[in-house]
Amino acid sequence: QKRRETPTHPPLALSFFIYLYLFAGDITQKGYEKKRSKLIRAYVPHAGGNLATSDSPTHSPRRENIPIPLVENRSGIMTNTVAMILYSTLSIQSSAGPMSHRAPLGPPSAARFHRRRTSGTRDERYRSDVHTEAVQAVLARHVERKVAVPMPSKRRSLVVQTSMDAYTPPEEEAGPGDDMSGMEHWMSRPSQLGPAHLGSTSSSSSSTQSGGSGNAGRLADSLAHMHISHLNHSAPPDVTGYSSDSSHSHTERHHMANMGTIARNTQKYGNAERMETGDGRSHRQPSLQSELNIKRESQPDPNQPRPEGAEMMPVRGEPLGVVTNWPPSLEAALQRWGTISPKAPCLTSLDTAGKPLYVLTYGKLWSRSIKLAYNILHKLGSKQEPMVRPGDRVALVFPNNDPVAFMVAFYGCLLAEVVPVPIEVPLSRKDAGSQQIGFLLGSCGVTVALTSDACHKGLPKSATGEIPQFKGWPKLLWFVTESKHLSKPPRDWFPHIKDANNDTAYIEYKTCKDGSVLGVTVTRIALLTHCQALTQSCSYTEAETIVNVLDFKKDVGLWHGILTSVMNMMHVISVPYSLMKVNPLSWIQKVCQYKAKVACVKSRDMHWALVAHKDQKDINLSSLRMLLVADGSNPWSISSCDAFLNVFQTKGLRTEVICPCASSPEALTVAIRRPVEDSSQPPGRGVLSMQGLSYGVVRVDTEERLSVLTVQDVGTVTPGGLVCVVKPEGVPQLCQTDEIGELCVCSIATGTSYYGLTGMTKNTFEVYPVSSSGGLISEYAFVRTGLLGFIGPGGLVFITGKMDGLIMVSGRRHNADDIVATALAVEPMKFVYRGRIAVFSVTVLRDERIVVVAEQRPDSTEEDSFQWMSRVLQAIDSIHGVGVFCLALVPANTLPKTPLGGIHLSEIKQLYLEGGLHPCNVLMCPHTCVTNLPKPRQKQPEIGPASVMVGNLVSGKRIAQASGRDLGQTDDNDQFLFLSEVLQWRAQTTPDHILYTLLSSRGAVSSSLTCLQLHKRAERVAALLMERGGLQEGDHVALVYPPGIDLIAAFYGCLYAGCVPITVRPPHPQNISTTLPTVKMIVEVSHSACVMTTAVICKLLRSKEAMATVDIRNWPPVLDTDDLPKKKPPALYKPTNPDGLAYLDFSVSTTGMLAGVQMSHNAVAAFCRSVKLQCELYPSREVAICLDPYCGLGFVLWCLCSVYSGHQSILIPPVELESNPALWLLAVSQLRVRDTFCSYSVMELCTKGLGLQTEALKARGLDLSRVRACVVVAEERPRMALTHSFSKLFKDLGLHPRSVSTAFGCRVNLAICLQGTSGPDPTTVYVDMRALRHDRVRLVERGSPHSLPLMESGKILPGVRIIIANPETKGPLGDSHLGEIWVHSAHNGSGYYSGYGEEVLQSDHFNSRLSFGDTQTVWARTGYLGFLRRTELTDANGERHDALFVVGALEEAMELRGMRYHPIDIETSVIRAHKSIVECAVFPWTNLLVVVVELEGSEQEALDLVPMVTKAVLEEHYLIVGVVVVTDIGVIPINSRGEKQRMHLRDGFLQDQLDPIYVAYNM
């Protein structure tokens, strides 16, 4: 292998790959730094260099010094005009390693094509597959550029495949018996096959057997972005697999990946780069991509090809000749042949061994049809009320191996003048598409279904033997058509045979691409005219033999094998699908055996014959004068035709025999190539540029070009028809001669309507094409065929695709069939089943996106599949110039099938959209194909102070500031500065007043404390501290207690002893290893001199498990307060300094920071006073508290407020709710509490746990009508969805929705807002989420797009002032801005306690001043973003009320694409995306957005979430998700307040501790 030169790539382009590469293994921070420096080292010298090399537009994808003549074609793909790889049999994964740089020179493929055709000896060279070679050439070009895109990681349980024996390969593949060897190497040559229900490439399912196809969008962007990647830095990463030598292990592969070979640089968030600077900060710079984005959206692409030809003229088929003995109707033809040639064979059916099963003669067909007609009209229902009358619709339900019964039933219906509706046999109640068929039957008013005996026995039955009603079907009477079950008609009864008229003859069903089923009505005159036209164009003569492999119930198989054959008294040999599966050569053998003149096949049947023909010696096809290729209009059928001719020419097959035709359910046969005797005129061929086609323009290209489509003509317009080509969208205006449009036909021989759908009928069957001048081209209506193409020289019709397979991406048209063919050409069929690939489009972010779904073979490994997927993406990008949004592989045999075994496209699309595909591999590439993201925001410099301040206005808006009412000094206890003094005063004045009541899990009072009891216990705790602890004044004491009364007594004991208490949550007995270190850390950081706790926890701390986690010997002394001294201390400590420390409030913030806040005696008194005023707390009141008592407002309410205000606190430990969720609400109801406080986790527990029990609770007497205030205590944005569902759920139990509200506190001030008892109700506003990302507040109406509901966080507490400031400049902000909430209040904390250790931080958080305006006031910064809104409501003091809205924590907000996102908003969208997502957390990682979701359900569903999550975030937030991590429930860490610990999660992710089910990296 040639050594690759190191490219001169700047570090800028690398960061994404380096991060992804580094992430491939288990990485610690240290290892990460080491690897990163190692990888960057090679590039450092070039950092200052010129970027021109990588920016220049002619930058070659391969970096080498050899000059190559490069031509840039219109789509921007570089093509080497001379070099072309002879690659058809070489697999890229050859053991020789990567190809050398230059592709070997070869002859032009046209010459090669002819040379190969003549040899015809080597079977590897069956096919002149230009497209395969083109694809391989593209991939060979990429082979050198291996990019370290990490493979998705998967949990083992998902990787283990079941054994091969457990798999039955899809029916398609089971070709020539069990011996697959003949097929294997054949399958290893990707082919260009036509659509079929077997090995088709047209798994766009645009074949007649299959469902519809990819959706077609109508939005304009222009050039496919990938080709701009040579120009910019932010281009998407290349998606090549790792190494061509597959022997490397998975891990080696990551480490081998040579960074030097990266040719395209990384995509950062959308289109903005981050540049690392020396000081480690990062600056944003707009990238070239963002510039290009804007340009591309605003103006059309100058290189876009436009049609240049003259306006086309409608083309007329030859006139329909009038032949004297043509019958006046089809029934008349049947009568004629049934009476004059009753012995003539009409139809031979075959068994699965290929032996004739039954020969139906014309006499038998005639007599049986009459018998059936009589029975239909006279033996169903009663004489007075017959069930079926002439003109009624009747379903024909016959299996594909019983053409005889079908033919008799069809003609019986024609004779009875009822309308047959042939449909597929429903195999189960849940068949793919069966429901839509039911809708069709219902809309046609079908009440009777004709079927055969065998089929009737095979239908699913209920226990009583009845045939169940299938889902969506009308109630049917099943009528068996076998002669033995029918009554003989009386001698005098005879069907009325009239000339063909405009009555409906039959209805053919058609599946649209969205899965809906329509019925196309065909009149009797159209039916007859069509048969005449086919007879003329195919030169059918009496008694010819025709072999039919097609489905005889619809389309070409019905028209030739059932209808036209009878008109001409021909003999049809019907080859069933089941026989073709066992013996693919059966149709050729029948042609030889019966010396058949005509055969009706699909390209897949030709392909299969090629696969199996090796062993056959005595094949002679010289009798064939016409080989009708039903799907010849599919461009990809051409290679099957060529290869078939190539091989069977030696067996007597003549060139002119192959006759492709074009047809559609609406227009019947549109064009057909005639079997001409004169072979001097070769068939038409066109080599068209794919890029031209994508703009709807015909541009002839050379076969040397990589992205070309070779099309063959489908002959001339059928006799008696007039065809024109009109623009596919909008007004049906004639196309220019070099423009692709939809073919429209004006003829008697077409369908006339969609049954029962007048609107759709008008759009399809009543089209009046207009010329460019606006005039009608004909007074007669045309029918849209659904075929896309153009009319070439000599009136030859060329079809390039189907409307159903059309995918419109960024204003360019792509054909699903073409994309399938490219995917199949990528790699020999080692990984996926041919014919089991679906391509469709879905709308994401206002444009169509391509999705490819394929069935994976059970024996392919993860690496192989991933490599195949990445190569498919590359090939589709290079050949079609379009990115694939999602490529999914599903296990073998799991895609929904159509009745003939093809894939059911619309069902697959439906499953994809619902997240029910259950893929085993997914590759999402939103970075490469979503190019219409809004431009990243450029931050503007803020306005300086000089131009801003005028009185109370800032830049024209009112300054966002507000305050609560004043704290007056009135009450008795307000004379005390210290809480310990208040308690002593209460113990003297109201000794027996109960302050605290603790409830057990059963709701009984487990203990209570009066003022005196609390005072006495506190004294004994103080004595314990002084005697046993030997503590001094000011020492810190850690209180490790469960929620309860001991904690309160210990707290006041510390105050009595002059110590500073710190409340600490005790370790969890079931989870010591993770909870004990936090306890240890708080004890250490707070410098506690001793630990006080209960005997139980004492024991727990000394247990083996605890010793294994933390060494207890390093701890300060642990005092057990269950055993208190009897005597009281000599003297209680008398505090003197109100600014001295009262207690430390330690907690872990949502970002994982442990911080202790110092609370002074002054602050505590002011805090208690403020809460007392807001909630109107007096000794006569009772308050129920269901909160954790360890920090914040929870601790203040649990321990301090009762002592200060004298009210009774009913304490309900939240842990007790786990065993009894109704405990809190029952207590509130029974004790008739008016005010209660809880946390979000408590509210969630009640909502989830009691959702179904409201009736039972009502019966138990639960009544919440007395509740006046139910306040949720939190340090976050109010969770509106939760509070609303809680209010709604308990509304029936008397809870007033207005009483539910929230409080808001933070580290610097434990309670800023709290919805009090008086004052206006909480306000809700709807803001524009897009404006919010730009730190602007724009109010919108409820329900408007992008609206985000926000609820006021409660009323501002007395004595609190708030201002909204800019977190960067520290200037005051106006009303309409989002900024940091700053607070000034007597109960602010006085600083952090040694947690940070950085004095700067400390002073900044607690002592900030505005940079202009009121620069004297000292504010505390909350670290939360929010805004103030003046409402129409009035406060208690009569002024207009200012509401504070909290949006989110500043340190959790994510800066992505220059905008500020709040994790909760993205998480809300993600949780809504799929029913199996129970929880979600997002965080940024190296400029990528990582989404972690918890999956409820089986691991098989894990991969369904990836596309759903990616789409939801794109659509709602314009962000591309970089990594999707699917985990088990309970992985996302949540703190005691029910808040997500996203930074903990991030650390766990980076240290690979999450044990995810699946990790997907979106490209």
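Key figures for this structure:
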item: Contacts under 7 angstrom Cβ, first residue in segment 1045-1074 being in contact (Cβ under 8 Å) with a residue 24 or more places away in the chain, partner charged (D, E, K, R) and in a helix (DSSP H, G or I), 6 or more apart; result: 1049/1017; 1056/1019; 1072/1105
item: Answer residue from segment 1053-1069, given it is assigned to a loop (DSSP other than H, G, I, E, B) and over 57 Å from the mean Cα position of the chain (by Cα) and is surrounded by the fewest Cβ atoms within 10 Å (Cβ to Cβ) among those; result: 1058
item: Filter result for residue 1135 (in contact with a Gly (Cβ under 6 Å, 6 or more places away or on another chain), within 21 Å of residue 1011 (Cα to Cα) and open to solvent by 10 Å² or more (accessible area, probe 1.4 Å)); result: no
item: Residue within segment 1416-1434 that is assigned to a loop (DSSP other than H, G, I, E, B) and at pLDDT below 90 present; result: no
item: Test: residue in segment 819-835 that is in a strand (DSSP E or B) and of a type in the set (Val, Ile, Thr); result: yes
item: Residue in segment 711-732 that is surrounded by the most Cβ atoms within 10 Å (Cβ to Cβ), counting only those that are touching a residue at least 24 places away in the same chain (Cβ under 8 Å) and closer than 21 Å to residue 304 by Cα; result: 726
item: Selection from segment 646-658 of residues that are in contact (Cβ under 8 Å) with a residue 60 or more places away in the chain and touching a Ser or Thr at 6+ places or on another chain (Cβ under 9 Å); result: 646, 649
item: Residue match in segment 1418-1441 (condition: hydrophobic (A, V, I, L, M, F, W, C), buried (at least 19 other Cβ atoms within 10 Å of the Cβ) and in contact with a helix residue (DSSP H, G or I) (Cβ under 7 Å, 6 or more places away or on another chain)); result: yes
item: Tally, over segment 1482-1533, of residues that are over 25 Å from residue 848 (Cα atoms), assigned to a strand (DSSP E or B) and of a type outside the set (Phe, Trp, Tyr); result: 9
item: Verdict on residue 1279 being open to solvent by 10 Å² or more (accessible area, probe 1.4 Å), charged (D, E, K, R) and closer than 24 Å to residue 1362 by Cα; result: yes
item: Counted residues, segment 322-338 - those being open to solvent by 30 Å² or more (accessible area, probe 1.4 Å) and part of a loop (DSSP other than H, G, I, E, B); result: 6
item: Filter result for residue 1451 (within 41 Å of the chain's Cα centre (by Cα) and either free of Cβ contacts under 8 Å to residues at least 60 places away in the same chain or part of a loop (DSSP other than H, G, I, E, B) (or both)); result: yes
item: Test: residue in segment 436-458 that is part of a loop (DSSP other than H, G, I, E, B), open to solvent by 20 Å² or more (accessible area, probe 1.4 Å) and more than 23 Å from residue 376 (Cα to Cα); result: no
item: Matching option when the condition is hydrophobic (A, V, I, L, M, F, W, C) and either more than 24 Å from residue 557 (Cα to Cα) or surrounded by fewer than 23 Cβ atoms within 10 Å (Cβ to Cβ) (or both), among 693, 668; result: 693
item: Residue check for residue 1469: assigned to a helix (DSSP H, G or I) and modelled with pLDDT under 90; result: no
item: Segment 1207-1228, subset among the small types (Gly, Ala, Ser) and farther than 29 Å from residue 986 by Cβ, residue modelled with the highest pLDDT; result: 1222
item: All positions within segment 1244-1270 that are within 42 Å of the chain's Cα centre (by Cα) and among the basic types (Lys, Arg); result: 1248
item: Test: residue in segment 1235-1245 that is surrounded by fewer than 15 Cβ atoms within 10 Å (Cβ to Cβ) and over 30 Å from residue 1166 (Cα atoms); result: no
item: Inter-residue pairs, beta-carbon under 9 Å, first in contact (Cβ under 8 Å) with a residue 12 or more places away in the chain and of a type in the set (Gly, Ala, Ser) and in segment 1408-1419, second assigned to a loop (DSSP other than H, G, I, E, B) and surrounded by 14 or more Cβ atoms within 10 Å (Cβ to Cβ), 6+ apart; result: 1408/1370; 1411/1366; 1411/1369; 1411/1370; 1411/1371; 1413/948; 1413/1371
item: Given (1) part of a loop (DSSP other than H, G, I, E, B); (2) in contact with a helix residue (DSSP H, G or I) (Cβ under 9 Å, 6 or more places away or on another chain); (3) under 28 Å from residue 671 (Cβ atoms), index of the condition residue 543 fails; result: (2)
item: Identity of the residue in segment 1365-1394, within 14 Å of residue 1313 (Cβ to Cβ) and among the aliphatic types (A, V, I, L, M), that ends up surrounded by the most Cβ atoms within 10 Å (Cβ to Cβ); result: 1381
item: Search result, residues across segment 753-810 that are part of a helix (DSSP H, G or I), surrounded by 15 or more Cβ atoms within 10 Å (Cβ to Cβ) and of a type outside the set (Ser, Thr, Tyr); result: 765, 795, 803, 804, 805
item: Residue list for segment 1338-1364, filter: within 31 Å of the chain's Cα centre (by Cα) and open to solvent by less than 10 Å² (accessible area, probe 1.4 Å); result: 1350
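For every residue, the table says whether it meets (1) closer than 24 Å to residue 549 by Cα; (2) surrounded by 16 or more Cβ atoms within 10 Å (Cβ to Cβ); (3) of a type in the set (D, E, K, R).
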| residue | (1), (2), (3) |
| --- | --- |
| 340 | no, no, no |
| 345 | yes, yes, no |
| 348 | yes, yes, no |
| 359 | yes, no, no |
| 362 | yes, yes, no |
| 365 | yes, yes, no |
| 368 | no, yes, yes |
| 374 | no, yes, no |
| 378 | no, yes, no |
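Conditions (1) crowded, with 22+ Cβ neighbours inside 10 Å; (2) touching a residue at least 60 places away in the same chain (Cβ under 8 Å); (3) assigned to a loop (DSSP other than H, G, I, E, B), marked per residue:
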{"position": "371", "(1), (2), (3)": "no, yes, no"}
{"position": "389", "(1), (2), (3)": "no, no, yes"}
{"position": "405", "(1), (2), (3)": "yes, yes, no"}
{"position": "413", "(1), (2), (3)": "yes, yes, no"}
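The values are calculated or read from the model by the stated rules, or taken from the named source; none is laboratory data. Everything quoted here is computed from the prediction, not taken from an experiment. So basically every Cβ, Gly included, is an ideal-geometry build from the backbone, and we count neighbours across all protein chains shown. For the accessible areas, the whole protein counts, side chains as well, though only heavy atoms, and no ligand, DNA or RNA atoms are used. Shrake-Rupley method; radii C 1.70, N 1.55, O 1.52, S 1.80 Å.
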